[in-house]
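Below: one structure, written as structure tokens.
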Amino acid sequence: MKTIVHVIGARPNYMKIAPLMEAVKATGQLRQVLVNTGQHYDDMMARAFVRDLGLPTPDYDLGVGSASHAVQTARVMMEFEKICTAEKPDLVVVVGDVNSTMAASLVAAKLLIPVAHVEAGLRSGDRTMPEEINRLVTDRISDLLLAPSPDAVENLRAEGEPASKIHLVGNIMIDSLLRHLPSATLDRIKGVPVKAGHYAVLTLHRPSNVDTEDTFRRILDAVGTIANEMPVVFPVHPRTRQRLKEFGLDVSPGLLLTDPLGYIDFLSLTSHARIILTDSGGLQEESTALGIQCLTLRENTERPITVTEGTNQVVGTDTAVILAGFRRALAAEGTPRKPDLWDGATAGRITRILCDFLAR
Ligand code: UD1
């Protein structure tokens, strides 16, 4: 039996690997090994997601933790090389664009183990984002480029990738979203007094937003104005919590701060919101899939399809521009189109491609 090693490490990875492992398991044809790098390690950033999503207990925990980019990447590489040498996998599957993704793909490629990249081809064109470097490197050395949308396919072609490597498979995160949506009821969120359809959700964690006091302050000013009109629920990422304290920033009383939430609790919150404000990549996609208006608090997006075929507006971090976007979002009418193949069946499509590849 051939062996696939799946790599998870940070919060946006778990919901991409869970449906894939389940679909591969259903074939009964492949042995699967799950490696958790430990890039994220707090219960609510890591283990809560593994539990919520029904992922198996990882076979290996590398325990790399937080560090500078070079140190974190190097630690994953050093530990992951040992696993690859011991397990001799026939394929390594990496997802998304975090440091663990790039680190694991580099190790596998140098050991001549084929790499499949789920979520290939997304580009913001902004190399100040560490994730953009991770995307470029991972795609360049991957053997199977599994793209979520036609724009991603176009990017890969424009960079010279051969058509034989590129597969348009759809968005695997939406598999997890559709599967868990029926459990995502608002009564799960204790201690946050909000009514369905009458509150906003805010998430912020990009270094470009929260590590610069001026930018963080401008965003909080806009959110403070929004909070005068509707409660804004703000689950706070650990990085963001540190910066709030360090800069001594005051938040408006209309902002309801919570600790990071698990997968289903967070889906409960977002799926009943009136509007979402975020600098996350995945949440732009989830709000499009849910048909909920989204303001992206960044200057660019690697997920332009959420603007052209979804509910997203890229508004940057200027207070007045964010508020203008908020007004437009509240006035938006009709149900926007959803991207093709964001249908809950992406894991099955990827599994067929992996099986074909390994049968060659
Ligand atoms: C990482 C990813 C980013 C992803 C985000 C999701 C990279 C380059 N960045 O950014 O793409 O969108 O995860 O959350 O891979 N911390 C904790 N507990 C944890 C994890 C982190 O307290 O479980 C704190 C640490 O102080 C750490 C800081 O948060 O230094 C930032 O964590 P890190 O993993 O370096 O980057 P993220 O901002 O989470």
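Values computed for the structure shown
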quantity	calculated
Inter-part distance where region 1-27 and region 239-284 are each reduced to a Cα centre, Å	27
Angle in degrees between helix 99-110 and the longest Cα principal axis of the chain, rounded to the nearest 10	20
Length gained when the stretch residue 360-residue 229 is fully extended (0.36 nm per residue, less Cα-Cα span)	41.3 nm
Whole-Å semi-axes of region 218-360's equivalent ellipsoid (Cα gyration tensor)	31, 19, 14
Estimated dipole of region 136-282 in Debye, rounded to 20 [Cβ of Lys and Arg +1, of Asp and Glu -1, Cα centre]	400
Rg in Å to one decimal, and Dmax rounded to a whole Å, for region 191-293 via C-alpha atoms	12.9, 36
Student exercise, the chain dipole from Lys, Arg, Asp, Glu Cβ charges, in Debye to nearest 20	460
Helix 11-27 vs. the chain, principal-axis angle (Cα, 0 to 90°, nearest 10)	40
Computed P(r) (all Cα pairs; the chain; 10 Å bins; percent)	5, 25, 35, 24, 9, 1, 0
Computed P(r) (all Cα pairs; region 272-353; 5 Å bins; percent)	3, 15, 26, 22, 16, 8, 5, 3, 1, 0
In the chain, lysine pairs closer than 25 Å at Cα, eight or more apart or cross-chain	20
Farthest positive-ward along the chain dipole, Cα basis, beta-carbon charges - from 57, 331, 158	57
Positive dipole terminus of region 1-143, leading residue within 18, 72, 109 (C-beta point charges)	109
C-alpha long axis of helix 213-227 to longest principal axis of the chain, angle in °	60
Furthest towards positive pole of dipole, 344, 278, 311, structure part region 262-360, Cβ charges	344
Length released on extending from residue 31 to residue 328, taking residue separation times 0.36 nm less the Cα-Cα span	101.9 nm
Globularity index of region 37-147, i.e. its alpha-carbon radius of gyration over 2.2 N^0.38 Å	1.05
For region 222-306, size of Cβ-based charge dipole, Lys and Arg +1, Asp and Glu -1, in debye	120
Relative packing of peptides 83-89, 220-226, 190-196, 104-110 - highest average C-beta neighbours within 10 Å first	104-110, 220-226, 83-89, 190-196
Pairwise FRET efficiency - residue 43 versus residue 307, Cβ, R0 = 35 Å, nearest 0.05	0.50
Protection proxy ranking, peptides 323-331, 290-298, 302-310, 4-12, average beta carbon neighbours within 10 Å, highest first	4-12, 290-298, 302-310, 323-331
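No lab work stands behind these numbers, since they all come straight from the coordinates. Note that the structure is a prediction, hence the values are computed from the model and not measured. Cβ atoms come from the backbone with ideal geometry, glycine included; neighbour counts cover every protein chain shown.
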